[in-house]
């Protein structure tokens, strides 16, 4: 009998240990399941919240923006390059209208919200970093007193189309650290709702947003983004063309304008986007400071034949340089090409200086 009890005890001991281990594993699995269920519930609520916000944004922008372009100034000289660019824009618009007619008998209005095709995976890539470094270097050379001038005059602002990683802003701030204290004078219109949300979100290490509102303009607030540590940037949920029209009468002056479109030089008529027309708005509304760096990134790939007359001009960076020079001269500026850097897109940088 003692040996039987000993045998039973020897068998029961590992069995009890196994049952205990299984109970521990079950409790842990149950806790993990409950945690996953709570996380999934939270995610569903967050998705619903963001979806509701996006639907509200879509309703608020259900019509195309009310944009305006000042008429050509009397001093405008219609150079061959200027004429080629305007002819190309007209041909692009006509081609879009022709292509849209079979699908839209009632001539639907273009979309108002821009969804960026920008490739975030290469936002910090070598080519983009090189373009930003060029801009920063020329800022130091052409505008050596920029930070002091901006601190003394709040009407001086930088106007940048920047990605959620704020690579351009960081490059400028690294080259000129005094800009970190002038974040509210760094204006970044961001039309893509997802990119805007990423730019104004708190850093991952923060439990809640630290940001406050920026200087108000037409009911839009500016928020502190996680993209540039320690800077309160003037980020607006707004298209660039809307920003230009909204702020045309606020006496702002822009010493650096980086129109980092990374889109076609011919524009995107389905969303009323025209980079060259925005350059006209910038100059004709009088935003350019007495010394102004104007940079632009564009693709020069010719649109498909169904959307673009094959006999219409096929634009080049030289055409755009002539276009910018003609528009700048009409406003009393000399225009000098500082950089032309092709990298799939083409980065062009100009220095505008007011006539003495």
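Read-outs throughout are calculated quantities, based only on the coordinates presented, and are distinct from any laboratory measurement. Given the structure is predicted, the values throughout are model-derived calculations rather than measurements. FYI the Cβ positions are ideal-geometry reconstructions off the backbone, even for glycines, and counts take in every protein chain you see.
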Residue 83 versus residue 133, label points 7 Å from Cα toward the beta carbon: distance in nm?
4.2
What number does region 138-179 give for Rg over Rh if you use C-alpha atoms and the Kirkwood radius?
0.97
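For region 244-356, what is the relative contact order in percent, using Cα pairs closer than 8 Å and at least 6 residues apart in sequence? Each step should come with its number before you reach the end.
On the way: 174 pairs, mean separation 32.3, N = 113.
Relative contact order comes out at 29 percent.
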In Å, the Kirkwood estimate of hydrodynamic radius for region 233-284 over Cα pairs equals 12.1
Just for the Cα atoms in region 125-195, what are the lengths along the principal axes, largest first, rounded to whole Å?
34, 26, 16
